[in-house]
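Each remark here refers to the structure printed beneath this line.
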Amino acid sequence: MQSLTSKELVSERFAWKHYYWFLKDEGIEYLREYLNIPEDVVPNTLKKSTKPAGPPPGRPQEDRGPPRGDRDGYRRGPPGAGAGEREGYRGFGRGGGPPRPPQ
């Protein structure tokens, strides 16, 4: 790499205790001549992608559930509880104390 750097065929970068070298166009031509590589062979980094652009990374939108709204579902009480049962619902969060025995 030192000889390629001294001939200015690569650009050198140092970051986070590591060296990074990037081959310039002149360096590609030099290596083609030195290694007897035909002109039609092109580095993969210079090839245009033939794949269509896919969706952005992350979870697909259809896998998400329905919109949640504010916190109304949290304040309603346990699922399946009737109107009379909601009044005594205290949950198990902080400050609620132990559950009350059924009446």
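The values are calculated or read from the model by the stated rules, or taken from the named source; none is laboratory data. Remember, predicted model here, so these are calculated numbers, not experimental data. Every residue, glycine as well, gets a Cβ built from its backbone with ideal geometry; the counts of neighbours run over all protein chains shown. The accessibility values were calculated without ligands, DNA or RNA, using every heavy atom of the protein model including side chains. Shrake-Rupley method; radii C 1.70, N 1.55, O 1.52, S 1.80 Å.
Taking a straight Cα-Cα cut-off under 24 Å and skipping sequence neighbours fewer than 8 places away in the same chain, the lysines within cross-link reach of Lys47 are Lys24.
The residues Thr5, Thr50, sorted by heavy-atom accessible surface at 1.4 Å with ligands and nucleic acids left out, run Thr50, Thr5 from largest to smallest.
Applying a DSSP loop filter and a limit of 10 other Cβ atoms within 10 Å to the trypsin sites (Lys or Arg not before Pro) in region 5-59 leaves Lys17, Lys47, Lys48. Spacing of the modelled spin labels on Tyr34 and Glu12, each 7 Å from Cα toward Cβ, amounts to 1.4 nm.
Between Lys47 and Arg100, how high is the FRET efficiency from 1/(1 + (r/R0)^6) when r is the Cβ-Cβ distance and R₀ = 41 Å? Nearest 0.05. Here the calculated transfer efficiency is 0.05.
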